[in-house]
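Throughout, read-outs are computed from the coordinates displayed, never taken from laboratory work. Just so it is clear, the structure is predicted and the values come from calculations on it, not from any experiment. Because the Cβ atoms are built from the backbone with ideal geometry, glycine has one as well, and the counts that use them run over all protein chains shown.
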């Protein structure tokens, strides 16, 4: 057996991937988009630092598979964001990478044509273009950081980042989070374990040095300063939700014990809704009621939402895809989204008014 055979035993090929600089040159950051990103980051940091009393809501499709429908959704969300801007900061959920427990479509970046051709070079450029379009509409964007190289390609267009339940325990993702320029929400583990997320926040708040790539796509020792805007995302787990008052109180105690800021985001989907999108409005209503009753640790919410309710399998004939309907987790439809956001905004206005009268 040759040296090459021992080195590349299970590698079929190495295909060229454009560098981050090359992709950014094709899809350059505009001044309008940059202003939107920075405004979103500042507002999120102000909420986490309690300088801004609003609630932030990361809302949008489980995953982006159709940029046309995605921009349609973004325009609707921008109008709603302006309507509720006095009490809520809406961040569009723009997920391009989908972690898989076993198999399944890995997302728009990995397989933009949804045919197992895995044209990552095409997917990365199209993903960046989509983010640019959303930011130019005036919406801040939030995404899950799954591949540690990907933020080099589009991180300048992101205002909020999630580290998923499957990766919060990963050293690689904690190191990456320590260098991201956005606030980072760490989800509790899939079995419901919160300690994983708390340890991740502590780890990511410290400087790290690790192997990565630079903007030219060359191997580099990446040295980070640490990210002080890590926070917990409760998404349920182990077959049970964790958005109730007892669960949130336990999370507060765990954060306080670790000497971390009491910043909690509740994901209305996943195990908190038993993966049934019809329960998401109930979760959101319950959490906003907790805020109304005096809770001050919940700073944000997450909602899986699309134009059309539910989800659909990916057909062999992609022309048969239903417009505006998820191909991954099931979502609430646009009308339900509007109702959820508007009802929450009305309650939050009442809360703010009562606090002002009492002051």
What is the antiparallel percent of DSSP beta bridges lying wholly in segment 14-358, to the nearest 5? 20 percent
Specify the angular offset, from 0 to 90 degrees and rounded to the nearest 10, of the alpha carbon long axis of helix 67-83 from the longest principal axis of the alpha carbons in the chain. 20 degrees
Between residue 352 and residue 191, what is 0.36 nm times their sequence separation minus the Cα-Cα distance? Round to one decimal in nm. 54.4 nm
Show me the ranking of peptides 341-353, 66-78, 84-96 by mean Cβ neighbours inside 10 Å, starting with the highest. 84-96, 66-78, 341-353
Please work out how much length the chain gains when fully extended from residue 22 to residue 323, using 0.36 nm per residue of separation minus the C-alpha to C-alpha distance, in nm with one decimal. 105.2 nm
From fewest to most C-beta neighbours within 10 Å, the residues 58, 308 line up as 308, 58
Based solely on its DSSP helices, what 222 nm [θ] is calculated for the chain when runs of n ≥ 4 H residues each add -39,500 (n - 2.57) and the sum is averaged over all residues, nearest 500 deg cm²/dmol? -12000 deg cm²/dmol
Expressed in angstrom and rounded, the centroid-to-centroid distance over alpha carbons for segment 31-76 and segment 87-131 is 17 Å
Give the relative contact order (percent, whole number) for the chain; include only Cα pairs under 8 Å separated by 6+ residues. 16 percent
Between residue 10 and residue 118, Cβ-based FRET efficiency (R0 22 Å, step 0.05) works out to 0.90
